[in-house]
Amino acid sequence: MKKDVVEVDMVDLTCRSLPYDMHLVKGLRNAGLEVDMWAAGCLPDQRGVEEGQSVLDVAGKVLWGPFRKIAKGAEYLINGIGLHWGLRKKVPDIVHYQWLPFAEKMSSLEVMNLKGAISSTTGVVYTVHNVLPHDTGDQYRDAFQKLYQIPDALICHTESSKNQLVEDFGVPSEKVWVIPHGPLSHGVTSIPQEKARSRLQLDLEMPLCLLFGFIRPYKGAEFLIDSWRYIKELESSARLMLAGQPENGYGEQLSSKIRELGLTEEIETRFKFLPQEELNLYIQAADVLVYPYRSITQSGALLTGLTSGKPVVASRIGGFSEMICHGETGVLVDYGNKEQLADELVRLFQNLEERKKMGKAAQEMVETEYSWEAIAHKTLECYQSVANSRQR
């Protein structure tokens, strides 16, 4: 007998992807579902976004430093107990996990977490944002091999991720749903470039390229810095901005590389956490957004760029190749090819009309193919399939 999905518990107990969660929750509620959000450990500018389940939420007040991870870990364990206690009192149709924070170090705990949520009437869905953690190689492959077998369904964002789950991890194809990642800056008001640059105290005339977000090695900043030596020869007035919070110690490593290459005049770093409003200023100030990643499945940062009206240049890898139509909605380059990256960036710097045309085409593509309404309806199909299988 077919069972209609009515109640869903969405779980992101360390706020790893709260903006994504909130867009999805809103879309699901608009589709008629009752969705409770379990989230904690948010940064200050993420607070108040959503009222959800009552959880312990103090770790987000400890912004940085050695105690933040400890606080978040303890908070996660306590809230995990609260989650499972809540599932006993109110039995939802679906529990949808966004992240399993202890999957690498304490995978047996997450195995119990997933198995404990499953019942004869409750199905479990897990979103595989990254098939394996970034910058770890195969170190945690065995742990994730076990975890991927437990949920009733896995959601990933690209066909390449699905192929990896099926071929490398032995997950049945019918268990994996490909549902795109939606834009995270939906609804952000556009700001004139001149105004954005003025507020950031940037030169109004220089060609400006931006790499933004949480800066980690897999995002290819070193490849980009190396490429800037060639850009300096082709377009001496061009500038690169690296804006965002680096991984521990990585910011100094990048700064040292910039000094060694004699590029301190051409490359500026603003290494700090960027609230959404300030991040939007940097995006609107730029001429070109660059994503020189060496590995990726899909990226919320890329979708943010594609909705901004700015042209994007990205590595020809993973979900980037699936999303960007080269020459129309963006530019794809081979990771590691410094001359190619330099040539494409300079070509865009020197062609305003192409930048406008490409940015507009990208915006239109995201609006039609990556709307949160469509993502929510596809997610509901996944839930319904899981609920129906539980009734057999």
message: Every residue in the stretch 85-110 that is assigned to a helix (DSSP H, G or I) and either surrounded by fewer than 14 Cβ atoms within 10 Å (Cβ to Cβ) or hydrophobic (A, V, I, L, M, F, W, C) (or both), please.
response: TRP85, LEU87, ARG88, LYS89, SER108, LEU109
message: So the check is Cβ under 9 Å with 6+ separation or different chains; which pairs have a first residue in the stretch 238-261 that's farther than 20 Å from ALA342 by Cβ and outside the structural domain of ASP135 (by TED's automatic domain parsing) and a second one that's of a type in the set (Asp, Glu) and surrounded by fewer than 20 Cβ atoms within 10 Å (Cβ to Cβ)?
response: ALA243/GLU268; ALA243/GLU278; PRO246/GLU252; GLU247/ASP135; GLN253/GLU222
query: Hey, which of the helices (runs of 4 or more DSSP H) in the stretch 147-234, taking only ones fully inside, have at least 3 residues that are in contact (Cβ under 8 Å) with a residue 12 or more places away in the chain, out of contact with any Leu (no Cβ under 8 Å at 6 or more places or on another chain) and under 28 Å from TYR126 (Cβ atoms)?
result: 159-169
query: Residues GLU322, GLU364: which one is without any contact (Cβ under 8 Å) to a residue 24 or more places away in the chain, more than 21 Å from GLU235 (Cα to Cα) and out of contact with any strand residue (DSSP E or B) (no Cβ under 9 Å at 6 or more places or on another chain)?
result: GLU364
task: Restrict the check to the stretch 209-225 and report whether at least one residue is of a type in the set (Val, Ile, Thr) and farther than 26 Å from LYS360 by Cβ.
output: yes
statement: Quick count over the stretch 338-354, residues being in contact (Cβ under 8 Å) with a residue 60 or more places away in the chain, charged (D, E, K, R) and surrounded by 18 or more Cβ atoms within 10 Å (Cβ to Cβ), is 1
- line: When ASP135 is run through (1) more than 14 Å from ALA103 (Cβ to Cβ); (2) surrounded by 15 or more Cβ atoms within 10 Å (Cβ to Cβ); (3) touching a Phe, Trp or Tyr at 6+ places or on another chain (Cβ under 6 Å), the failure sits at (2)
query: Does ARG197 qualify as being more than 18 Å from GLU344 (Cβ to Cβ), among the basic types (Lys, Arg) and buried (at least 21 other Cβ atoms within 10 Å of the Cβ)?
result: yes
Test for GLU104: is it among the acidic types (Asp, Glu), touching a residue at least 12 places away in the same chain (Cβ under 8 Å) and in contact with a Phe, Trp or Tyr (Cβ under 9 Å, 6 or more places away or on another chain): yes
- line: The residue from THR136, THR127, THR121 that alone is at pLDDT below 90 and under 22 Å from VAL91 (Cα atoms) is THR121
task: Inspect the stretch 113-122 for any residue being surrounded by 19 or more Cβ atoms within 10 Å (Cβ to Cβ), assigned to a helix (DSSP H, G or I) and not hydrophobic (A, V, I, L, M, F, W, C) and give the result as yes or no.
output: yes
field: Lone qualifier among THR329, THR297 - being in the same structural domain as ASP343 (by TED's automatic domain parsing) and modelled with pLDDT under 95
entry: THR297
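The values are calculated or read from the model by the stated rules, or taken from the named source; none is laboratory data. Every value quoted in this text rests on a predicted model; they were computed, and no experiment measured them. So basically every Cβ, Gly included, is an ideal-geometry build from the backbone, and we count neighbours across all protein chains shown.
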